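The structure appears below as structure tokens.
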Amino acid sequence: MAEIIDGKQIAEDVVAKVKGLTADLTAKGHAAPGLAVVIVGEDPASQVYVASKSKKAKECGFHSVQHTLPADTQEADLLKLIASLNADPAIDGILVQLPLPGHIDSGKVIQTIAPEKDVDGFHFVNVGKLGTGELETAFVPCTPAGSMILIERVRGKDLSGLNAVVVGRSNIVGKPMANLLLAANCTVTIAHSRTKDLPALARTADILVAAVGRPEMVKGDWVKPGATVIDVGINRIPAPEKGEGKSRLVGDVAFEEAAKNAGAITPVPGGVGPMTIALLMANTVVSAYLKAGLKRPAF
Ligand SMILES: Nc1nc2c(c(=O)[nH]1)N[C@@H](CN(C=O)c1ccc(C(=O)N[C@@H](CCC(=O)O)C(=O)O)cc1)CN2
């Protein structure tokens with residue numbers, strides 16, 4: 001049976017480090033890191049994530065501000081808000097919760113955030129830095145950055161000689177995840193819906209990352225014995241066994257089956273999810289250190 005990677009505990013370790021770094025920064029006479037979280041509309045899951053982000057920022061000792069805008073907010077007004085946050089010296093990190101309502105161009109919004117405050121790591125400047133290995137000044141998207149910490153806990157920092165397969169090619173997870181694994185010397189393959197014989201490809205992976213958004217798609221017999229399996233999926237499915245109208249969370253991996261073959265595996269919930277929020281705190285404190293002209297803290 002596989003080792004279960006405790007993302008909740010590892011996220012707490014990251015947050016403890018952020019708190020220490022924040023205390024050191026303010027003790028040197030610098031302002032506390034500032035994080036602005038922006039939500040547009042009333043998507044229930046987004047509301048929960050944003051509330052957790054704002055709460056965690058306060059726990060870390062940050063200057064934490066939340067902008068909650070109605071679903072019919074005009075794109076131009078959101079862009080104006082971002083411009084004002086870009087110019088605000090008390091703010092080191094800006095996060096616009098995704099998805100945005102359909103009438104707003106998410107790409108335009110993301111590219112309006114100043115790259116040095118883009119703690120989500122979605123701006124072209126940060127994407128380019130990650131792609132070219134400029135990791136000293138890049139912001140890396142929180143979910144892949146957190147997944148990488150989980151992998152390092154199991155496999156160490158140098159992944160030379162290991163085959164990694166990333167299932168999913170999104171800009172938020174799949175592509176940056178592949179770049180991080182490549183930077184750690186893995187041989188990386190990105191698989192997606194058009195990949196031929198996905199189960200056979202997945203079985204070649206020493207590190208298998210599932211980020212497709214399809215409940216329990218990755219089956220137990222897709223997993224090479226001893227592989228490290230990182231499940232990025234968060235899918236809510238009906239759970240009639242819990243009562244009428246009830247639901248439960250599952251990942252993109254059929255956990256029970258996969259755990260029989262894997263060497264180590266992340267659960268859902270309690271795996272990658274908590275790391276996403278912890279890494280947002282880490283990116284924000286890094287932003288404040290870089291602004292202060294201090295050495296970039298490592299996580
Ligand atoms: N601007 C962004 N938007 C979104 C991002 C992002 O990184 N930046 N990621 C996701 C959602 N997300 C953070 O925003 C997120 C998802 C899940 C969790 C989490 O802790 N999940 C728990 C389960 C929570 C539950 O019960 O529903 C877990 O897996 O244990 C945190 C953050 C999309 N949008």
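Here, each number is a calculation from the coordinates, and none is a lab measurement. As the structure is a computational prediction, the values presented were derived from the model and not from experiment. Glycine also receives a Cβ, built like all others from the backbone with ideal geometry; neighbour counts cover every protein chain displayed.
Worth a mention:
- Residue identified as surrounded by 16 or more Cβ atoms within 10 Å (Cβ to Cβ) and within 13 Å of the ligand (Cβ to nearest atom) among Ala262, Ala288, Ala278: Ala278
- Residues located in segment 95-124, provided they are within 15 Å of Thr284 (Cα to Cα) and among the β-branched types (Val, Ile, Thr): Val96, Ile113, Val119
- Of the residues making up segment 197-205, at least one is among the hydroxyl-bearing types (Ser, Thr, Tyr) and under 17 Å from Ala262 (Cβ atoms).
- Of all residues in segment 113-167, those that are within 16 Å of the ligand (Cβ to nearest atom) and charged (D, E, K, R) total 3.
- Residues (closer than 27 Å to Arg194 by Cα, surrounded by fewer than 19 Cβ atoms within 10 Å (Cβ to Cβ), touching a residue at least 12 places away in the same chain (Cβ under 8 Å) and not polar (S, T, N, Q)) located in segment 119-170: Phe124, Gly131, Gly161, Arg169
- Enumerated helices (runs of 4 or more DSSP H) restricted to segment 57-176, each holding at least 2 residues that are within 17 Å of the chain's Cα centre (by Cα): 124-131, 142-155
- Subset of segment 79-103 (residues that are in contact with a strand residue (DSSP E or B) (Cβ under 9 Å, 6 or more places away or on another chain) and within 13 Å of the ligand (Cβ to nearest atom)): Ile82, Gly93, Ile94, Leu95, Val96, Gln97, Leu100
- Only listed residue being more than 16 Å from the ligand (Cβ to nearest atom), buried (at least 18 other Cβ atoms within 10 Å of the Cβ) and either basic (Lys, Arg) or closer than 19 Å to Gly133 by Cα (or both), chosen from Ala191, Ala178, Ala205: Ala178
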